[in-house]
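Visitor: What follows is a single structure, and I will ask about it in a moment.
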């Protein structure tokens, strides 16, 4: 039995590897994606372009504008000529924010009265502009503090000391690259398994396999193992790049990461097998894979945090293999995640894997009868 | 040449090809799946699953000090709608939580907080520790705690009649999305992804299948020209794409209550231009790969993923490093996302819409040019 499975595995790996185009598709795009997306997929806010409308002529408003100019986040500052120019400036997305200072500004400040300034943000990008508003607030409150100190007012006696653990400078790619190791591995695992079955179906060679002495279980094992091997290779390459090229600290145990990755890949391959059990043609298998992949990525906590979803949808994410792997990958890389937390994110994957594999074997059997 | 003026024969042959293509679409359930069900599923996911609105960030609050001062600051956090606060007495209590992701940050009020605060010359620190393994959430934790702290200071000053109210009061307005609903810009942006999916993935698969099965060769042995074959493929999928576009717009406006402030006609025109480019990319991919496996991978890599990551739909383009910012100019979805968000939330901003539609047409034109160049009518 093992010899037959071995030959089937050998044949599967050759089938993927021998075709030059499929080989390219498995190696180059994931690496290209790793490089482009690890830098591109960032919710950081840098290089902000803003407009300033300053109708005040005092030195106080000049000082405030200078502080914005000096802040590293605001790289481009445009001066707007009039109130009327604010709307087209924002509408045409020439800048994310407009700071508008009225004529009374210096006079009010020097009279000890509150001076209002307007900050107009582009709501089409409200996540970004909320962070920009945070930057602006920090600049303004620092200005207030300094102004009050100059005027001899009583100082505030508390201070916020911000610290970011595990990623002190909040580098976005420290979050991205470990996450992408999961997403790209998922992609490769799904495509390999779904297509290896459906292509044989479409070409009719699957029937030949069925009439061979191989048992259905042996066929299943022979199809599953190559996909697991190739997907784990893909994952390993990305992890190597993460450590060597991106220099992301690897604080946890490589053994725990691989334990989780193995179970994760098995669960994904199980899902891919399920999809191909339901499909007759390659096109259906590709679309089915896609139908599984997009919710898996969107509901994994990669693009947006799971906590932001409505409660019932958060429950649904417990069915998503990627969710568990992302927690472990980030945890093992950055947080030196201990065994008990890794385990808490591994056994649900094992349950998912067993259900998927058993379910798809059952489906294949039923199709044979 | 296929650019020659169309005569009656062309029309007859093209319409025959279109009819054939339509029958194929209707008979194959997977085309319906991708053009009707998939957009609905994606709209659903983007509507509920993708949200950047941080309302209930879980944080731990370590109260080493329980003086009235510390209590009053703690209240400003527990009252905030942005936080779900779990209170502890010692930092150790949250070690496990922050590694496992059960809390996203820890705020520490040190034991000497109220002593320091009331002693001249001393400053009482409040430590805010955010979980940097999710940088965006960490940013929001820091920003929101800072905000809560500033409010608290102001309250304290008012209640103790201290001099030195903050003199400059920023009045922050978020135009076109006052309620800061991330759905309002994510849903219009997601339309670009759905269009890419239909235009690029479906077209690439369909044409690659013809090559793989050899029916493309069969078509070529007939009197139809390459141009006619391409047009015959494009028109049905163009119509299918626009159809699912309308479905999505209806969904966005009536189910998610996203405002549509621009004109529907312009929205249709802009979407038509985008579909032209997306179909062009699909055709190009299938012509080069001639194989469904490779075509599917290439469509996802060249169409869908850049549409997701490089279009500015979730991730802000101006924050990307320079080489990648340059790369985004070659992605049609980048321009389309801008048009969509503007048409939905702002209205008909002519200058912006025209400037972000011309590049789409240009890129689409290049795709078609290369496709026509590559599809020489011969059997090799």
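Visitor: Checking the condition away from every other protein chain (no Cβ under 12 Å) and either buried (at least 22 other Cβ atoms within 10 Å of the Cβ) or modelled with pLDDT of 85 or more (or both), which residue from A:276, A:300, A:212 passes?
Guide: Within the list A:276, A:300, A:212, the selection yields A:276.
Visitor: Within region A:70-85, can one find any residue that is under 23 Å from residue A:170 (Cα atoms) and not assigned by TED's automatic domain parsing to the domain that holds residue A:145?
Guide: Scanning region A:70-85 turns up no residue that is under 23 Å from residue A:170 (Cα atoms) and not assigned by TED's automatic domain parsing to the domain that holds residue A:145.
Visitor: I've got another one for you. Does residue B:72 fit the bill of being in contact with a helix residue (DSSP H, G or I) (Cβ under 6 Å, 6 or more places away or on another chain), within 14 Å of another protein chain (Cβ to nearest Cβ) and surrounded by fewer than 19 Cβ atoms within 10 Å (Cβ to Cβ)?
Guide: So residue B:72 does not fit the description; no.
Visitor: Scan region B:255-275 for residues that are in a helix (DSSP H, G or I) and within 20 Å of the chain's Cα centre (by Cα) and jot them down.
Guide: Listed by number, the residues that qualify are B:255, B:267, B:268, B:270, B:271, B:272, B:273, B:274, B:275.
Visitor: Something else about it: I'd like to verify a number: residues in region B:319-344 that are within 8 Å of chain A (Cβ to nearest Cβ), part of a helix (DSSP H, G or I) and more than 15 Å from the chain's Cα centre (by Cα), how many?
Guide: Residues flagged as within 8 Å of chain A (Cβ to nearest Cβ), part of a helix (DSSP H, G or I) and more than 15 Å from the chain's Cα centre (by Cα) within region B:319-344 amount to 3.
Visitor: Next question, about the same structure. Please tell me if residue B:115 is more than 10 Å from chain A (Cβ to nearest Cβ), out of contact with any helix residue (DSSP H, G or I) (no Cβ under 7 Å at 6 or more places or on another chain) and in a helix (DSSP H, G or I).
Guide: The answer is yes for residue B:115.
Visitor: Search region A:307-335 for residues being more than 15 Å from the chain's Cα centre (by Cα) and not in a helix (DSSP H, G or I), and hand back the single one that is surrounded by the most Cβ atoms within 10 Å (Cβ to Cβ).
Guide: Checked region A:307-335; the qualifying residue surrounded by the most Cβ atoms within 10 Å (Cβ to Cβ) is A:335.
Visitor: Quickly run through region B:136-187 and pick out the residues that are at pLDDT below 85, facing chain A (nearest Cβ under 7 Å) and at positive phi.
Guide: Correct list: B:164, B:180.
Visitor: Of all the residues that make up region A:81-105, how many are crowded, with 19+ Cβ neighbours inside 10 Å and either without any contact (Cβ under 8 Å) to a residue 12 or more places away in the chain or within 18 Å of residue A:145 (Cβ to Cβ) (or both)?
Guide: So the count comes out to 2.
Visitor: Name every residue in region A:291-304 that is more than 17 Å from residue B:28 (Cα to Cα) and assigned to a helix (DSSP H, G or I), in order of residue number.
Guide: Listed by number, the residues that qualify are A:292, A:293, A:294, A:295, A:296, A:297, A:298.
Visitor: Mind listing whichever residues of region B:97-112 are in a loop (DSSP other than H, G, I, E, B) and within 44 Å of the chain's Cα centre (by Cα)?
Guide: Passing the criteria: B:101, B:102, B:103, B:104, B:110.
Visitor: Another one. Just checking, which of A:34, A:53, A:43 is in contact (Cβ under 8 Å) with a residue 12 or more places away in the chain, buried (at least 19 other Cβ atoms within 10 Å of the Cβ), more than 8 Å from chain B (Cβ to nearest Cβ) and out of contact with any strand residue (DSSP E or B) (no Cβ under 9 Å at 6 or more places or on another chain)?
Guide: A:34
Visitor: Looking at A:180, A:214, which is the one that is assigned to a loop (DSSP other than H, G, I, E, B) and not assigned by TED's automatic domain parsing to the domain that holds residue A:105?
Guide: On inspection, the qualifying residue turns out to be A:214.
Visitor: Also, I was wondering about something else. Going by what's in this entry, would residue B:246 be described as under 19 Å from the mean Cα position of the chain (by Cα), surrounded by fewer than 20 Cβ atoms within 10 Å (Cβ to Cβ) and assigned by TED's automatic domain parsing to the domain that holds residue B:293?
Guide: Taking the combined requirement at face value, the residue satisfies it.
Visitor: Kindly provide the set of residues from region A:12-21 that are part of a helix (DSSP H, G or I) and without any contact (Cβ under 8 Å) to a residue 40 or more places away in the chain, ordered by number.
Guide: Those that are part of a helix (DSSP H, G or I) and without any contact (Cβ under 8 Å) to a residue 40 or more places away in the chain: A:14, A:17, A:18, A:20, A:21.
Visitor: Determine if region B:285-303 includes at least one residue that is farther than 30 Å from residue B:216 by Cβ, more than 8 Å from every other protein chain (Cβ to nearest Cβ) and not in a helix (DSSP H, G or I).
Guide: Checked region B:285-303: no residue is farther than 30 Å from residue B:216 by Cβ, more than 8 Å from every other protein chain (Cβ to nearest Cβ) and not in a helix (DSSP H, G or I).
Visitor: Taking region A:279-289 only, how many residues are within 7 Å of another protein chain (Cβ to nearest Cβ) and either under 21 Å from residue B:308 (Cβ atoms) or touching a strand residue (DSSP E or B) at 6+ places or on another chain (Cβ under 9 Å) (or both)?
Guide: 2
Visitor: Report, by residue number, each residue of region A:234-258 that is assigned to a helix (DSSP H, G or I) and surrounded by 14 or more Cβ atoms within 10 Å (Cβ to Cβ).
Guide: Scanning region A:234-258 gives A:234, A:235, A:236, A:237, A:238, A:239, A:241, A:242, A:243, A:256, A:257, A:258.
The values are calculated or read from the model by the stated rules, or taken from the named source; none is laboratory data. All of these numbers come straight from a predicted model, not from anything done at the bench. Please note: Cβ atoms are built from the backbone with ideal geometry, for glycine as well, and neighbour counts cover all protein chains shown.
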